[in-house]
1. Mind counting the residues in the range 110-133 that are among the small types (Gly, Ala, Ser), in a strand (DSSP E or B) and within 13 Å of Gly100 (Cβ to Cβ)?
2. Of the residues Ala179, Ala172, Ala195, only one is part of a strand (DSSP E or B), in contact (Cβ under 8 Å) with a residue 60 or more places away in the chain and under 24 Å from Asn142 (Cβ atoms); which?
3. Considering the range 41-94 alone, what residues qualify as being surrounded by fewer than 20 Cβ atoms within 10 Å (Cβ to Cβ) and hydrophobic (A, V, I, L, M, F, W, C)?
4. State yes or no: is Gly38 within 24 Å of Met104 (Cβ to Cβ) and modelled with pLDDT of 90 or more?
5. Based on this model, can you work out whether Val272 counts as free of Cβ contacts under 8 Å to residues at least 40 places away in the same chain, closer than 15 Å to Leu210 by Cβ and outside any loop (DSSP other than H, G, I, E, B)?
6. Pick out the one residue from Asp241, Asp230 that is among the acidic types (Asp, Glu) and under 20 Å from Ser198 (Cα atoms).
7. Please go through the range 76-117 and give me each residue that is touching a Gly at 6+ places or on another chain (Cβ under 7 Å), within 19 Å of Gly55 (Cβ to Cβ) and charged (D, E, K, R), ordered by number.
8. Do we have Ile243 as surrounded by 19 or more Cβ atoms within 10 Å (Cβ to Cβ), over 29 Å from the mean Cα position of the chain (by Cα) and modelled with pLDDT of 95 or more here?
Amino acid sequence: MVIHGDVGAERLAAGGALTVGGALKVEEIAVGGSVKVGEGSIGSVAVGGSFKARGAVKVGRIAVGGTVSVGPDSSVSSVDVGGTFEAEGPLKFGRIKAGGTARMAGNSEGKEINVGGKVTVGGNLTLRESLEVGGAVTVNGNLVSEEDIHVGGSLSVTGEVRARTVDVGGTAEARVITAERFAIGRRGEVVGVVAAKSILIRERARADVLYGDRVRIEERARVKSVYGHDIYIEDRCKVLDRIVYTEELHLEDVELKNEPEKVDELPPVEQVIAENIEQDNS
């Protein structure tokens, strides 16, 4: 079915393909194959194959078996796609659930993302709830979640990460990661400063600078520097620069470059961050 002009209807249905050349205002689209539209508003979309909007669309609910693509400045309340979701520019959304990948070209703001594979954002990503990704997350800006961030593979952010909990299985890279709780997986790697109330560096992982209330580093891990009130470092770990603490320090068989420093107060976290950035740039 091909509609060359604008369309306003309660329902559009087709067994194969649907193309709308102009603007549309439709309550429901139900198509077995593929849908291509220009711009406009849609209450709900149910498509077996693919859905593509060339311009800005406002959609309540999208359920698609294959791929979804929307134009810049679109708004989507709910997306459930078996394969790939893509936004060609800035996006406002409620929930995005994708079995494969999600790509957003500009600054994006929403409630929740749950993706089995990879998430890529070409700007800032701000979430009112959680981010859960099985594979990799890449954000060219800041990543902010009011709740939790769980990434099975790698997290790469050019700016800062802020969340209640950050748990990464592989590599976590950002200028600064700020959270209540932070954990990196076994054999994982942290690049940048982590500032959290509770920090867990699992076995054989590597990290740069850690700053927290309670810091635990499991055996055979390697870190650059640790600042904390209560620090526990297990067997065969390496600390390449400083250990600074205020209350308790427990060291098993640990290789140290410098003697630990007990202080009345930790240096301000802003100072530690600035020093680390300066060292990286030198």
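The values are calculated or read from the model by the stated rules, or taken from the named source; none is laboratory data. Because the structure is a prediction, the values reported are computed rather than measured. Heads up, the Cβs are rebuilt from the backbone with ideal geometry, glycines too, and the neighbour counts pull from every protein chain shown.
1. Residues meeting the conditions: 0.
2. Selected residue: Ala195, the only one of Ala179, Ala172, Ala195 that is part of a strand (DSSP E or B), in contact (Cβ under 8 Å) with a residue 60 or more places away in the chain and under 24 Å from Asn142 (Cβ atoms).
3. Within the range 41-94, Ala46, Ala56, Ala63 qualify.
4. No.
5. Criteria not met by Val272.
6. The conditions single out Asp230.
7. The answer is Glu88, Lys92.
8. yes
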